[in-house]
Amino acid sequence: MEINEQNLEVLSTYLRKTLSANTDERLEAEKTLKQIERNENYTSLLLTLCEQSTTSDEIRRASVITFKNFIKRNWPSLDQSNTISIRDRNHIKEHIIDLMTRSPEHIQEQLSDAITVIGKCDFPDHWSTLLDTMIKQFQQQSSNSFQSINGILKTAHSLFERYRYEQKSDELWLEIKLVLEKFAPAFTELFKSLMAYYPQKESDPIEMKHIFNSLLLIIKIFYDLNAQELPEHFEDNITIYMTHFLTLLSYDYPKLHSNNNDPGILDQVKTEICRAIALYADNYSDEFKPYAQHFASAIWSLLIQLDLSPSYDELISTAMKFLSTLAARSHHCMMFESVETLKVLCEQVILPNLFLRESDIEEFEDNPEEYIRKDIEKSDSATRRRAACDFLQALCIFFEPQVVSIYSQYIDAMQKEYLQNRTQNWLKKDACIFLVLALASKGETQKFGITKTSSFISISAFYSNSILPEFQDQDINALPLIKADCLKFLIDVRNQIDRDALLISIPECIRYLSSNNIVVQTYAAHAIERLLLVRQSTDQKFAAITKNDLIPYAQTMYDSFFRILTSDKSYENEYVMRAVMRLSSSLNDAVLPHLNLLMDKLVMILRRSSKNPNKPNFNHYLFETITVLIRTSISKNPGVLDQFEQILFPVFTPVFTDDIAEFVPYVLQIIGFLLESRPSGSTPIPDAYRALFQLILTPSFWDRSGNIPALSRLLQAYIEKAGETIVLEKLTTVLGIFQRLVSQSKIHDHEGFAILNCLIINLPSTYLNNYLKDIFIVIFTRLTKAKTQKLIRCIIVFFSYFIIKYGAKEFITQIDSIQANMFRMVVERLFIPELSKIDENDKKLCAIAIIHLLCDPEQMTKGIYFNDLWLILLQALLSLFQSSNDLQIMSAAERKKQAQDEAEEELLVGLDDTPDYTPAFSRLAFAKKPRTDLFGSSIPDARCHLAKCLQTLTSSHPNQFLSVMTNGLSTEHLLDIQKYCALANVTLS
């Protein structure tokens with residue numbers, strides 16, 4: 001396409017039609033543009049339309065947005081036929097910077113976004129002129145061209161911002177070095193000129209706003225360029241930057257403040273300065289030390305001046321984070337040591353920011369979900385209250401007695417004022433509770449709450465005197481925010497108060513489940529759930545709550561939980577559903593009397609939630625609760641399995657038919673769990689499972705990554721329970737799934753091996769004979785094309801299963817049938833270097849397989865591989881034993897105990913993390929598949945098995961193997977063999 005008036009007019013026509021209200025006309029125009037975008041000069045035509053002042057603003061805007069979107073879609077790819085030609089790429093890079101600086105702001109923003117995309121792909125290797133062009137623009141701009149300067153600065157920040165978080169590497173530092181050499185000197189000169197220029201323009205508010213917009217971007221770029229290491233340029237010019245930063249921190253210009261609750265441009269500049277100097281105080285403390293006192297004084301003076309307006313929130317929060325950084329460092333903390341300084345900071349900086357504001361109270365009442373998210377989930381890190389708390393705790397690192405002494409007076413005074421007039425002074429009670437928690441906590445985790453407390457604060461005394469009386473207030477709806485505070489206090493200190501106090505608290509928490517306030521209801525449920533996580537301590541005084549403690553309250557709790565979960569305002573409350581799950585788990589078999597009620601309610605909730613599954617945590621706990629009930633019930637009475645299937649299959653079926661992506665992985669896991677729980681060799685599995693088996697073999701089901709772990713697990717359950725009936729009919733299809741996963745997915749290849757291993761274990765060997773060579777070829781092909789550590793581990797485990805099932809001789813035969821002497825390569829390149837790296841849970845299996853490989857096949861004991869491989873494979877096996885925990889392979893009992901511990905740990909930790917809202921796979925902890933030991937009591941210890949097999953081998957080949965071991969093994973390995981023989985009570989002859 002030539003760049004001429006005719007083509008420009010044609011393109012303008014199509015762009016105009018893309019804005020049409022007529023859907024058909026708009027779609028037709030978009031389709032046409034999609035077709036012509038492959039032509040050379042397409043992007044040049046779009047940029048020409050952007051540039052022409054005679055073109056209507058509507059078309060200029062449409063052309064630049066079309067250009068930007070085209071760049072986003074096509075620039076990153078260099079090898080597709082429909083992407084941008086090299087000629088067009090070069091033309092764009094030559095002209096786009098200049099065009100951006102000359103364009104109106106709304107055009108400039110779109111072009112800047114496009115430059116960012118291009119820069120991330122091409123800079124610096126394929127766009128070496130970018131920095132020179134940007135610097136040239138700095139130098140060419142007159143003092144009246146701030147719009148152009150800001151365009152360049154925005155683009156620079158978008159390119160350099162990744163330096164803040166990208167992992168250190170030589171390649172990254174070379175890029176930063178290039179930027180510093182070329183860009184930094186001009187950048188510093190621009191900063192100096194702006195600092196000299198703005199005092200001359202104080203009579204022009206519009207010009208001042210432009211200047212401070214530029215200063216804001218400059219400070220952001222300063223952070224970008226200093227984030228990885230302290231560059232020599234900035235170290236040499238540190239006085240210039242720090243002096244000007246101090247000037248800006250103390251500068252005031254009322255017309256640059258905000259007129260609403262959003263921060264003004266001057267406040268944003270000060271916020272970024274606080275962020276930048278916090279970086280220096282934290283990472284470059286030696287260089288920053290001469291300036292630390294000056295900044296500390298300037299910032300706490302600033303904090304004292306600022307009011308409670310939300311427009312100052314980020315500035316106050318960032319400023320206090322800077323002070324926290326200084327206070328927590330031994331080489332800076334001395335500036336806070338005077339009693340007067342501490343008093344000023346505690347009383348005038350920290351304390352005012354600990355009080356709730358009107359906006360917080362409104363959020364508590366009108367937006368409870370957001371209030372809970374900030375408070376319970378600790379997403380309040382950007383709030384001034386959290387920043388004040390962090391600053392307080394930082395001061396306590398070196399000055400705890402002084403800080404506690406200052407605040408103790410305030411705590412006592414606020415308590416008294418509250419008791420004198422609870423209705424009027426309840427905000428002081430709230431601040432008091434927050435203060436005590438802040439002072440008392442010396443360590444905290446999501447899992448355990450406060451784990452370490454201050455020796456200057458008595459948690460138990462404060463709880464008994466100030467929290468429990470609030471709980472026992474008969475009016476559960478009075479002062480709801482204080483009730484929520486008290487519940488939150490209990491949640492945080494649950495591991496710091498004794499069992500008697502916990503038991504007294506449970507019925508009080510249950511009462512507050514009936515509160516009219518959603519936050520109070522939620523905190524009450526959360527408190528109950530967290531109390532059930534308290535674990536036995538060495539001191540019996542701090543003991544876990546037992547199921548017998550819960551039985552008297554169970555019905556009341558369930559009634560209250562489901563009243564909340566069926567209400568209009570809080571029907572998908574994840575904290576309440578988690579409490580239902582935890583209570584059901586803690587009750588163990590005592591949950592069975594409530595089973596019918598629970599399943600009715602849960603199925604009803606499941607049907608409702610499936611219509612709009614928008615709460616991922618809630619959904620997870622819902623399915624966990626169902627799984628808890630299944631697990632507990634069938635452990636006591638396997639006969640109830642049929643009842644669960646009859647209840648759940650009708651509600652699960654629509655999940656598949658309606659393709660509810662968020663629920664499919666959960667439903668597949670539960671069905672797999674149900675099928676695994678059916679007794680082996682019992683009556684044929686129900687028809688519902690047969691129908692589902694056809695569905696899960698559909699290729700489209702395996703296209704969604706989140707489905708694959710659950711599908712694999714369910715398919716394995718079919719193989720275990722119906723391998724010779726249902727699965728055998730579709731064996732080729734099942735093997736096709738294995739091939740697809742292993743050949744095409746680095747993420748899910750292990751699931752393909754899990755399916756294959758399950759086939760090897762559960763199907764009679766004759767059924768797979770015709771497929772074995774193809775299976776090995778699939779595996780070796782993938783190993784050749786894309787080897788990973790995970791793949792190697794999977795292959796070694798599969799080889800081990802194969803050896804156990806088919807024998808070591810058949811294994812060697814299969815390998816060598818692919819290529820002569822290939823078994824040698826398998827031993828030398830896989831078994832020898834990788835055997836000791838396999839997972840702990842697979843070591844017993846692999847060890848026994850290697851033992852049979854050493855002792856059974858003639859190829860190893862006296863054939864072609866004996867001289868080269870036998871000894872080194874034995875050495876690899878002995879190293880495997882040494883790498884195993886406690887020099888032993890886990891017994892079946894140990895394996896079961898470990899699985900139970902892991903399931904509990906996963907439940908405590910994993911479920912507390914907030915998952916992203918995606919339909920990706922999330923494993924159900926209560927449906928976790930138990931690990932199996934193929935050998936059980938027949939081979940309790942692989943080391944003893946080695947000793948017995950070596951005894952058989954040496955007795956049948958006198959002197960041969962003893963001589964090889966004596967002459968070839970290290971003293972350490974020989975001693976190990978002697979120990980194993982002693983364990984097995986055998987001797988080698």
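The values are calculated or read from the model by the stated rules, or taken from the named source; none is laboratory data. Note that the coordinates shown come from a computational prediction; the quantities given were computed from them, not determined experimentally. Don't worry about glycine lacking a Cβ; one is built from the backbone with ideal geometry, like all the others, and counts go over all protein chains shown.
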Task: Complete set of residues in the range 7-49 that are out of contact with any Phe, Trp or Tyr (no Cβ under 9 Å at 6 or more places or on another chain) and of a type in the set (Gly, Ala, Ser) - done: Ser12, Ser20, Ala21, Ser44
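State all residues of the range 429-477 that are without any contact (Cβ under 8 Å) to a residue 12 or more places away in the chain and of a type in the set (A, V, I, L, M); if no residue qualifies, say none.
Residue satisfying the conditions is Ala461 alone.
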TODO: Give the residue that is farthest from Met320 (Cα to Cα), with candidates limited to residues of the range 380-422 that are part of a helix (DSSP H, G or I) and in contact with a Ser or Thr (Cβ under 6 Å, 6 or more places away or on another chain).
DONE: Ala394
Task: Listing of helices (runs of 4 or more DSSP H) fully contained in the range 122-212 that carry 1 or more residues being over 22 Å from Ile97 (Cα atoms) - done: 170-197
- [ ] Would you check which residues across the range 728-754 are assigned to a helix (DSSP H, G or I) and under 14 Å from Leu711 (Cβ atoms) and list them?
- [x] Thr733, Val734, Gly736, Ile737, Phe738, Arg740, Leu741, His750, Glu751, Gly752, Ala754
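Restricting to the range 176-218, and then to whatever is β-branched (Val, Ile, Thr) and within 16 Å of Leu159 (Cβ to Cβ), can you tell me which residue is modelled with the highest pLDDT?
Here the answer is Ile218.
Within the range 630-650, does at least one residue satisfy the condition of being of a type in the set (Asp, Glu), buried (at least 16 other Cβ atoms within 10 Å of the Cβ) and at pLDDT 90 or above?
yes
Mind listing whichever residues of the range 146-179 are of a type in the set (A, V, I, L, M) and either touching a strand residue (DSSP E or B) at 6+ places or on another chain (Cβ under 9 Å) or surrounded by fewer than 16 Cβ atoms within 10 Å (Cβ to Cβ) (or both)? Give the steps one after another, and end with the answer.
Our first condition is that a residue be of a type in the set (A, V, I, L, M); within the range 146-179, this holds for 149, 152-153, 156, 159, 172, 174, 176, 178-179.
Scanning the range 146-179 gives Leu172, Leu174, Leu178.
Conditions (1) in contact (Cβ under 8 Å) with a residue 24 or more places away in the chain; (2) under 18 Å from Thr632 (Cα atoms); (3) small (Gly, Ala, Ser), marked per residue:
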residue: Met557; (1), (2), (3): yes, no, no
residue: Asn573; (1), (2), (3): yes, no, no
residue: Leu583; (1), (2), (3): yes, yes, no
residue: Asp589; (1), (2), (3): yes, yes, no
residue: Pro593; (1), (2), (3): no, yes, no
residue: Asp600; (1), (2), (3): no, yes, no
Open item on the list: Filter the range 139-158 down to the residues that are at pLDDT 80 or above and either of a type in the set (A, V, I, L, M) or over 40 Å from the mean Cα position of the chain (by Cα) (or both) and list them by number.
Closed with: Ile149, Ile152, Leu153, Ala156
Task: Given (1) over 39 Å from the mean Cα position of the chain (by Cα); (2) touching a residue at least 24 places away in the same chain (Cβ under 8 Å); (3) surrounded by 19 or more Cβ atoms within 10 Å (Cβ to Cβ), number of the condition Thr423 does not satisfy - done: (3)
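Need a quick list: helices (runs of 4 or more DSSP H) entirely within the range 557-660 having at least 1 residues that are aromatic (Phe, Trp, Tyr).
Working: elements: 574-587, 595-609, 616-636, 641-657.
The helices (runs of 4 or more DSSP H) meeting that bar are 574-587, 616-636, 641-657.
For the range 262-376, which fully contained helices (runs of 4 or more DSSP H) count at least 2 residues that are among the acidic types (Asp, Glu) and surrounded by fewer than 19 Cβ atoms within 10 Å (Cβ to Cβ)? Full working, then the answer.
Details: elements: 265-283, 285-305, 313-327, 339-344, 351-354, 358-366, 368-375.
In the range 262-376, 285-305, 358-366, 368-375 are the helices (runs of 4 or more DSSP H) which contain 2 or more residues that are among the acidic types (Asp, Glu) and surrounded by fewer than 19 Cβ atoms within 10 Å (Cβ to Cβ).
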